[in-house]
Structures are given as C-alpha cells and as structure tokens.
Amino acid sequence: MATSFDALTAAQLAAGVASGTWSAVEVAHAALDAIQAREAEVQAFVQVNPELALAAAERVDAARAAGEALPPLAGVPVAIKDNMNLTGTRTTCASRMLENYESPYTATCVQRMLDAGCVPVGKANMDEFAFGSSTDSSAFHPTNNPWDTARVPGGSSGGSAAAVAAGMVPLSLGSDTGGSIRQPAALCGVVGMKPTYGAVSRYGVVAFGSSLDQAGPFGRTVEDVALAMDALVAGGRDAYDSTSQEVAPSFAQAARAAAEGLAGRRIGLVPAFMDAEGLTPEVRAGVMRAAAALEAAGAELVEVDLPHVDAAIAAYYVIGPAEAFSNLARFDGIRYGYQEPGCTTLAQQSARSRAHGFGAEAKRRQMLGAYLLSSGVYDTYYYAAQKARTLITADYATAFAQVDAILMPATPHAAFRHGEISDPTQMYLSDMYTISLNIAGNGGISVPVGLGEDSGLPMAAQLVAPAFADERLITFATVIERGCAAASGEAVLGVAPAFAGKGGELA
Amino acid sequence: MALTENDVRGIADYARIALTDDELTEMTAYMNDAVAMLEPVLAYNLPDITPTFHPIGDLSNVMREDAQAPARDLSREAALSNAGAARDGSFRVPSILGEDE
C-alpha cells in the first residue's frame with residue numbers, strides 16, 4: 001500500500017531508509033513529486049535542484065548497499081534558505097543583486113545537514129536579504145501560506161516554513177536575526193527553533209546582522225527539529241566562524257526526556273507580554289493552552305518581569321540596520337552581484353549597481369544604518385542601543401534565576417494577508433515577541449498549539465531558555481506538543497489540510 | 001529635528017545608493033518614521049551602564065595564521081567567476097577618478 005510522503009516525519013523517513021523500506025532515491029523522487037504538485041500554489045522555492053537531490057540520494061543508497069553505517073538523517077529531504085551557500089546552487093538571498101550568484105562553497109550549517117545524510121532538494125524563498133516578516137519582499141515572487149494562500153507565510157524564512165507546512169519536505173533550514181525562524185514557524189503551524197547565538201556556525205550564511213544572526217531548523221514535529229539540531233552541532237565548533245561554540249548533541253535525548261514529566265521545573269510567564277496591546281485573544285488563548293500542558297506535566301507557572309524588553313524593538317532597529325549597512329557595503333558591483341553596465345566611474349558604478357540591485361526594503365535598512373553610523377548620530381543612538389542590550393540581557397539573567405524557561409507568544413497575531421501591512425515600521429512590530437532574544441543572544445522555539453478560534457489559522461507559543469540551554473526548549477516543547485495534540489506524540493497540526501496527501505508517494 | 005530631503009541625499013551618497021527624486025521623497029518619509037520609532041532607546045543613554053556589543057561578551061578579536069588554507073581558499077578562477085567584469089585574471093573596474101583625470 002502506498003504511503004503519502006507528507007505523512008512521514010524525518011525520523012520515520014530516516015528509519016525507513018535505514019531499514020530498506022524505501023531507498024533514498026525513492027524518497028527523493030517522492031519529495032520532488034510533492035514539490036511539483038504544490039509549488040504552483042505555495043511558491044516556497046526559488047530553485048529546485050532535482051539532479052543535486054538525486055545524486056545525494058544515490059550516495060546514501062550506495063553507502064547502504066556497501067554495508068556502511070548510515071548517518072542519522074540518511075535520505076531525509078531538506079530545503080535550504082536561499083541565504084545559505086550550497087555548491088551546485090545559486091545563493092540569491094531573493095535579490096536581483098545576487099540573481100546569478102553561484103555558491104562558491106557550502107555553508108557549514110548546510111554541510112552538517114549533508115553530513116547527517118540529508119538530501120538537499122532546493123533553495124527556499126525569503127524576504128530580500130532577510131529584511132522582512134512576510135517574504136513579500138522577495139525580488140522573485142511571494143510565498144503563500146499553505147493554511148490560506150491569500151496570506152503570507154511570515155518571514156524572513158517564509159519559504160522554509162511554507163515548504164514544511166505544505167508537506168514538500170519534512171525539514172528545512174532558516175536563519176533568524178529578529179524572529180525570522182520563529183515568526184514564520186508560528187504563522188505556518190510548524191516548529192521553528194533559533195538556537196543560542198554561537199550554537200550553529202554562521203560560515204557561508206550571507207550576513208545581515210553579525211551579532212544577531214543565527215541559523216536553525218524547521219520541522220513538523222519537535223523530535224524532527226531535535227534531530228536536525230543534533231546534526232547541526234554534532235561536528236563541534238566550526239573553525240571558520242570565530243563565534244561558533246561547542247554544543248553537546250543532546251537534543252534528541254532532550255526530546256525523550258519529556259516523558260519523565262516536569263516535576264520541579266518552573267516556567268515563567270510575563271504578565272506585560274500577555275496583556276500587551278496588539279496581542280489577539282486567540283493567540284493569548286493558545287499560549288495559555290501551552291501553559292496548561294506544561295502545568296499538567298508537573299511544571300510550576302511563575303510570573304516574571306522583563307522590565308527593559310520594551311526597548312528591544314528600538315534597540316534592534318539601531319543595531320540591525322547598522323550591522324546590515326556594514327555587511328551589505330560589500331555589494332559594490334565589482335567582485336560579485338549585479339553590475340550596472342556603461343558606467344564611467346567606479347563611484348557611479350557602485351551607486352547605480354546598488355540602486356538597481358537592491359529592492360526597496362534593503363535600501364531602507366541600509367539608509368537607516370548609514371544614518372545611524374554617521375558622525376554625531378552614532379554616539380546618540382548606537383551606544384544607547386548597546387546599553388539597552390546590557391539591560392535586556394540582565395533582565396533575562398534575573399528571570400532565569402527564578403525559572404527554567406519563559407513561555408510567551410511568538411507573534412501578536414495570526415498570518416496576515418498579502419499587502420495587509422504596507423507600512424514598513426508597522427511591519428517591524430510583527431517581531432515584538434521574538435526580537436529581544438536576538439539582542440540578548442539566547443535561544444527560543446516556536447511550537448504549534450492548534451488553531452485559533454477566531455481565524456481558524458495556526459497558533460503558536462514561544463519558549464525561551466537561558467543561553468546554551470537550548471536542549472531545555474526541546475524537552476518543554478515536546479511536552480507542549482503532546483499536551484496540545486489530539487494523538488499524542490504526533491504533530492499538533494501536521495501538513496496544512498489543503499495540501500495533505502496531494503502528491504508524492506512511497507510504495 | 002526632522003531629516004530633510006537634502007540630508008537624505010547626503011546619506012544616500014555616503015551609502016552609495018543612487019536614488020531617484022521620487023525615491024528620495026519616499027525615503028525621507030521613511031527615515032523620519034523610523035528615527036521616531038527609535039526614540040525609546042534614547043532613554044538608555046545612561047552613564048553607568050556598560051554597552052554590550054556582542055552576545056558572547058568575553059570574545060575578543062580572533063586572528064588566524066597568515067597562511068594558506070587549501071580547504072577553504074578560493075582559486076583565482078572561482079574568485080572571479082561571479083564578477084560582473086574580469087580581465088587577465090583580475091577584477092575589472094571603471095576609472096576610479098573619472099574620465100578626465
């Protein structure tokens with residue numbers, strides 16, 4: 001009897017490949033079929049790479065045939081956000097600037113997934129250079145939310161989230177500078193994790209905010225995200241990223257630890273977050289379902305305060321644009337990227353290549369950063385933002401002296417319609433619950449809690465842990481997943497109903 | 001004090017982004033909105049707080065050996081392969097000082 005590819009988790013696919021139920025090539029074909037059947041409506045990808053996928057799958061099958069021990073995710077299809085280099089693909093950052101840029105090497109985070117046996121099927125759409133919360137700023141096309149294709153998937157890693165939610169792949173990689181993994185995960189009803197800054201190497205991920213950027217995985221179950229995290233950290237510290245840190249690959253183990261219950265564990269709730277203006281009642285109710293699940297497993301709920309977190313958005317929109325301006329200064333039209341033809345001077349070529357290569361939001365962020373770093377302005381805003389960062393980090397330290405993790409919304413509202421938020425500074429408020437973690441550096445996970453009673457769209461809760469205690473996120477998120485799921489241990493929401501079972505089968 | 005179009009033109013020059021007149025008008029409105037949004041951070045310019053520039057606080061500059069790293073060094077061909085213009089194994093650029101210099 002045929003099994004629908006999208007009904008299987010990464011863990012189940014890897015087990016099936018290891019046991020010989022399916023070959024990796026059969027799984028790769030099923031994924032490519034699943035993508036082909038859904039892509040016209042979802043538009044999650046900017047490139048699909050069948051040859052690359054099938055070659056990787058053939059290597060897995062050859063290894064198995066030769067009797068070699070298979071790596072933990074052997075044969076599992078994965079989508080890669082298009083700001084991550086992968087040899088054999090273009091890395092466009094969904095920008096005209098890099099439309100023809102061929103990856104000269106492979107990013108460490110991508111390589112680690114390949115080393116774990118994953119099969120790369122393509123590059124996922126995103127907001128241009130990761131500036132956005134909707135994926136609508138992609139220079140190529142928008143991505144549609146699989147739960148309602150009139151709505152955005154969130155961003156900036158919207159293609160990565162939508163590909164998983166639509167059942168095109170069980171796993172994907174994204175990057176999170178202000179919420180770009182956790183917010184789209186929440187809007188698409190999938191699990192998305194931003195590990196602690198330094199846990200995953202940034203080498204080969206096109207830089208946006210160098211003190212804020214962190215790569216991480218999406219999956220439909222917490223267990224799959226845990227398996228991806230183990231793959232991402234298993235190679236140890238990356239010598240090519242000086243901020244990379246040694247992290248134990250104990251995430252799958254942390255998922256299993258959820259079965260032991262949470263007696264003696266304390267979870268913080270922030271009253272100011274739960275009563276915030278702009279938080280919809282259905283998101284609040286969803287977070288309280290997660291709280292009830294944690295409490296039912298034995299955890300104690302405790303109120304904590306993060307008094308300086310109000311400054312996080314303002315601090316972020318100083319630090320982020322300043323770092324983005326510095327990083328994107330490298331796109332001068334000379335060594336790579338769009339080059340304006342017919343210019344008579346170097347200055348003219350740079351200014352016109354940048355004007356015509358970058359889209360509107362990429363220009364806005366760089367202009368803001370250029371202003372904030374200019375003489376006289378720098379002292380006023382940049383130092384203030386970095387001092388706010390000190391106080392926000394201290395707030396988290398104080399809270400984590402009282403609790404093991406903090407539970408909060410991931411986003412203030414469900415997925416919005418394409419074009420519904422047109423004012424850029426209003427769009428920035430989408431990240432009100434996610435942004436302080438990028439400032440402080442600690443990790444967070446967005447986990448589905450079911451559908452909203454008003455919108456009928458996916459709802460999520462966000463868990464936040466101290467720096468380098470990311471495995472706790474997996475344990476607590478597993479408890480939430482099981483507590484909120486009708487059938488225990490499975491995805492709370494699974495594949496979006498309009499796309500479930502719509503192509504891609506394993507015999 | 002609000003930024004004028006002339007201020008924003010100066011920032012665009014510094015940022016090397018050629019803006020059209022229409023773009024300049026829109027960008028000026030955006031810059032003023034964005035700077036207004038940053039206002040709350042000014043309350044944090046406190047004399048007794050040390051700024052945190054990086055989430056991994058004890059990290060200082062890391063220097064590598066000034067030596068070839070064959071596993072990661074790009075070949076000349078690879079380094080030039082994404083360039084808009086190359087000649088004789090080098091990146092090709094227009095005149096730095098202008099045609100008349």
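As a test of the definition: which semi-axes, in Å, follow for segment A:313-387 when you take the square root of five times each eigenvalue of its alpha carbon gyration tensor? Largest first, please. Spell out each step's value before the answer.
Working: eigenvalues 153, 28, 16 Å².
Sorted largest first and rounded, they come to 28, 12, 9 Å.
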HN-Hα J couplings of segment A:502-507 from phi, Karplus 6.51/-1.76/1.60, θ = phi - 60°, integer Hz, Gly and Pro as x? 8, x, x, 10, 10, 6
So, with points 7 Å from each Cα along the Cβ direction, the A:Ala360-B:Asp33 label distance in nm works out to 0.9 nm
The local net charge around A:Leu372, scoring Lys/Arg +1 and Asp/Glu -1 for residues other than A:Leu372 whose Cβ lies under 11 Å from its Cβ, equals -1
Label points 7 Å out from Cα along the Cβ direction at A:Val377 and A:Gln402: separation in nm? 3.9 nm
Within a 10 angstrom radius of the beta carbon, how do B:Asp7, B:Asp22, B:Asp66, A:Asp176 rank from fewest other beta carbons to most? B:Asp66, B:Asp22, B:Asp7, A:Asp176
Between A:Asp454 and A:Arg335, take the C-beta separation as r, use R0 = 56 Å, and let me know the FRET efficiency to the nearest 0.05. 0.65
At 7 Å along the Cα-to-beta-carbon direction for both A:Glu102 and B:Ser90, put a label point, then send me their distance in nm to one decimal. 2.4 nm
10 Å Cβ neighbours from other chains, averaged over peptide A:356-368: 4
Take the Cβ-Cβ distance between B:Glu23 and B:Glu65 as r, set R0 to 60 Å, and report the resulting FRET efficiency rounded to the nearest 0.05. 0.85
Output the relative contact order of chain B, whole-number percent, from Cα pairs under 8 angstrom with separation of 6+ residues. 15 percent
Using the Karplus curve 6.51 cos²θ - 1.76 cosθ + 1.60 with θ = phi - 60°, work out ³J(HN,Hα) for each residue of segment A:223-232 in order, rounded to whole Hz, and write x for Gly and Pro. 4, 5, 5, 5, 4, 5, 4, 4, 5, 5
Please list A:228-238, A:146-156 highest first by mean number of surrounding beta-carbon atoms within 10 Å per residue. A:146-156, A:228-238
Most exposed first by the Cβ proxy, i.e. fewest other Cβ within 10 Å, how do A:Lys123, A:Lys387, A:Lys81 rank? A:Lys387, A:Lys123, A:Lys81
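Any chance you could tell me what percent of the C-alpha pair distances in segment B:5-44 go past 11 Å? Write out the running numbers ahead of the final one.
Values: 497 of 780 pairs.
Looking at segment B:5-44, the distances longer than 11 Å represent 64 percent of pairs.
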Would you compute, from DSSP H runs of 4+ residues alone, the mean residue ellipticity of chain A at 222 nm, taking -39500 (n - 2.57) per run and dividing by the full residue count, rounded to the nearest 500? -12000 deg cm²/dmol
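DSSP loop trypsin sites (Lys or Arg not before Pro) in segment A:309-383 with at most 13 other Cβ atoms within 10 Å of their Cβ, which ones?
Numbers: sites: A:Arg330, A:Arg335, A:Arg352, A:Arg354, A:Lys363, A:Arg364, A:Arg365; in loops: A:Arg330, A:Arg335.
Within segment A:309-383, the qualifying trypsin sites (Lys or Arg not before Pro) (loop, at most 13 other Cβ atoms within 10 Å) are A:Arg330.
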For A:Ala285 and A:Thr425, what is the calculated FRET efficiency with R₀ set at 41 Å and r taken between the beta-carbons, to the nearest 0.05? 0.90
What ³J(HN,Hα) values, in whole Hz, does the Karplus curve 6.51 cos²θ - 1.76 cosθ + 1.60 give for segment A:353-359 when θ = phi - 60°, with x put for Gly and Pro? 4, 6, 5, 9, x, 8, x
Which distance in Å, rounded to a whole number, links the C-alpha centroids of segment A:253-272 and segment A:186-244? 22 Å
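I want to verify the translational diffusion coefficient of chain A in µm²/s; compute it with Stokes-Einstein, Rh as the Kirkwood radius over Cα pairs, at 10 °C and 1.306 mPa s. Present the calculation step by step, with values, prior to reporting the outcome.
On the way: Rh = 22.4 Å.
It diffuses with D of about 71 µm²/s by this estimate.
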Ordering A:39-48, A:421-430 by per-residue average of other C-beta atoms within 10 angstrom, highest first, gives A:39-48, A:421-430
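Sort largest first and round to whole Å: the equivalent ellipsoid semi-axes of segment A:336-375, each the square root of five times a Cα gyration tensor eigenvalue. Intermediate results must be reported in sequence, preceding the final value.
On the way: eigenvalues 92, 33, 9 Å².
Gyration-tensor ellipsoid for segment A:336-375: 21, 13, 7 Å.
Counting other beta carbons within 10 Å of each residue's own, what order do B:Thr28, A:Thr344 fall into, fewest first?
Final ranking by Cβ density, sparse to dense: A:Thr344, B:Thr28.
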Extreme residue, positive dipole direction of the protein assembly as shown, given options A:Ala385, A:Ser103, A:Tyr316 (C-beta unit charges): A:Ser103
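In a shell of Cβ-Cβ distance under 13 Å around A:Ala351, excluding A:Ala351 itself, what net charge do Lys and Arg (+1) and Asp and Glu (-1) give? Don't skip to the answer; put the middle values down first.
Working: positive: A:Arg352, A:Arg354, A:Lys363, B:Arg9, B:Arg16; negative: A:Asp332, A:Glu340, B:Asp13, B:Glu23.
In short, +1.
Every number in this text was worked out from the coordinates using simple rules, so none of it is lab data. These figures come from a predicted structure and were not determined experimentally. For neighbour counting, all protein chains shown are included, and Cβ atoms are generated from backbone atoms with ideal geometry for every residue, glycine included.
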